[in-house]
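Undergrad: Starting off with a structure, shown below.
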C-alpha cells in the first residue's frame, strides 16, 4: 500500500514538472520571438552583423524551447509493449538535438562575422589605397 502511494506521488510530481516545463518553454518562445524581431529590425537598419546574429541566436533559443516541449511530452508517455521502461530517454535525445543546433548556430555566426569583417576590412584598405593613389598623382 505504501509503495502504491509513493508511485501516485511520483506521477503527480511528474505531471506538475511537465506542466512547469511546458509553461516556461512557451514563455521563452514568445519572449525570444519578440526579441528576435526587434533585433532583426535594428540590425538591418543599422547594418550590424552582431545584432543580426543575436536575433538568429534568439530564434535558435525559441527552437530549442520548442524541442524541449516536444521532448518533455514524448518522455511523459506511459510505457508500452515496445518500450516497457517508458520514454524517459527522449529527454536526453532532445538535449542532444538542442546542443547540435546551438553548436551549428555558433559556428555559422562565427563564419558570418569573419566574412563580414574581412569584407569590410578589404573595402576599407582598397578605398584607402585607391584614394591615396589618385590624390597623390594630382598634386
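Every number here is computed from the coordinates shown, using simple stated rules; none is lab data. As the structure is a prediction and not an experimental result, all values here were calculated from the model. For neighbour counting, all protein chains shown are included, and Cβ atoms are generated from backbone atoms with ideal geometry for every residue, glycine included.
Undergrad: What length, rounded to one decimal in nm, is gained on full extension from residue 108 through to residue 66, with 0.36 nm per residue of separation minus their alpha-carbon distance?
TA: Net length gain for the segment: 13.0 nm.
Undergrad: While we're here: Using a 7 Å offset from the Cα along the Cα-to-Cβ direction at both residue 16 and residue 38, what is the distance between the two label points in nm, to one decimal?
TA: Those two pseudo-labels are separated by 3.4 nm.
Undergrad: Right, next: What full-extension length gain, to one decimal in nm, is calculated for residue 91 and residue 78 as 0.36 nm per residue of separation minus the Cα-Cα distance?
TA: Between residue 91 and residue 78, full extension yields 3.3 nm more.
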